[in-house]
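Contents: one structure, followed by commentary.
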Amino acid sequence: MTDCIFCKIITGDIPSTKVYEDELMYVFNDINPKANVHLLVIPKQHIARLDHLEQSHQQLIAHMLLKLPELAKSQGLDNGFRTIINTGPGGGQEVDHLHIHLLGGKNLPGFH
Ligand code: AMP
Ligand code: ZN
C-alpha cells in the first residue's frame with residue numbers, strides 16, 4: 001500500500017498536523033478544510049472504503065466512532081459536529097483509505 005497517501009501520513013512520510021493517535025487510529029487536520037474544524041479520522045490499517053469493512057473490523061470501527069465526541073470536544077466543538085464518510089466514486093471519495101470527516105464550528109457548509 002506504499003502509494004496510499006494516508007498510509008504515508010501515518011508513517012510520517014507525508015507531513016500532517018496530527019491531532020490524535022493511538023494503536024488503532026490516526027487523526028489529522030484536512031489540508032483543505034471545509035469548516036473551521038475539519039479533521040480526518042483514519043484507521044492505521046489500510047482499509048480502502050467503508051464497503052470493504054468486514055465483521056473482523058467491528059472493534060476497530062467502534063473504537064473510531066466512540067472516539068469522535070472526545071475529538072470534537074478537544075477542538076472546542078461543544079455544541080455538536082458533523083461526520084461524513086464518502087464511499088467510492090459515487091460517494092465522492094477521492095482518497096482510497098477509509099476516513100471519517102469530522103467537521104464543525106463556523107463556516108460549516110450545507111450538504112452539496
Ligand atoms: P474524500 O473526498 O472523502 O476522499 O476526502 C479526501 C480528503 O482528504 C479531502 O477533504 C482532502 O482535502 C483531504 N486530503 C488530501 N490530501 C491530504 C493531505 N496530504 N493532508 C491532509 N488532508 C488531505
Ligand atoms: Zn492506506
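What follows is calculated from the coordinates using simple rules that are stated; it is not laboratory data. Nothing here was measured: the structure is a model prediction, and the numbers come from that model. Glycine also receives a Cβ, built like all others from the backbone with ideal geometry; neighbour counts cover every protein chain displayed.
Per the conditions (1) surrounded by fewer than 16 Cβ atoms within 10 Å (Cβ to Cβ); (2) in a strand (DSSP E or B), the sole criterion not satisfied by E23 is (2). Taking the listed residues N86, N32, the one that is within 10 Å of ligand 1 (Cβ to nearest atom), free of Cβ contacts under 8 Å to residues at least 40 places away in the same chain and within 11 Å of the chain's Cα centre (by Cα) is N86, with no other qualifying. Considering L50, L39, L24, the condition of being touching a helix residue (DSSP H, G or I) at 6+ places or on another chain (Cβ under 6 Å) and either closer than 17 Å to I84 by Cβ or of a type in the set (A, V, I, L, M, F, W, C) (or both) is satisfied by L24 alone.
Residues that are aromatic (F, W, Y) and crowded, with 17+ Cβ neighbours inside 10 Å within the stretch 78-112 comprise just one, F81.
To keep it simple, each residue is scored yes or no on (1) without any contact (Cβ under 8 Å) to a residue 12 or more places away in the chain; (2) farther than 14 Å from H101 by Cα; (3) β-branched (V, I, T); (4) surrounded by fewer than 14 Cβ atoms within 10 Å (Cβ to Cβ).
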position: C7; (1), (2), (3), (4): no, yes, no, no
position: A62; (1), (2), (3), (4): yes, yes, no, yes
position: L71; (1), (2), (3), (4): no, no, no, no
position: G76; (1), (2), (3), (4): no, yes, no, yes
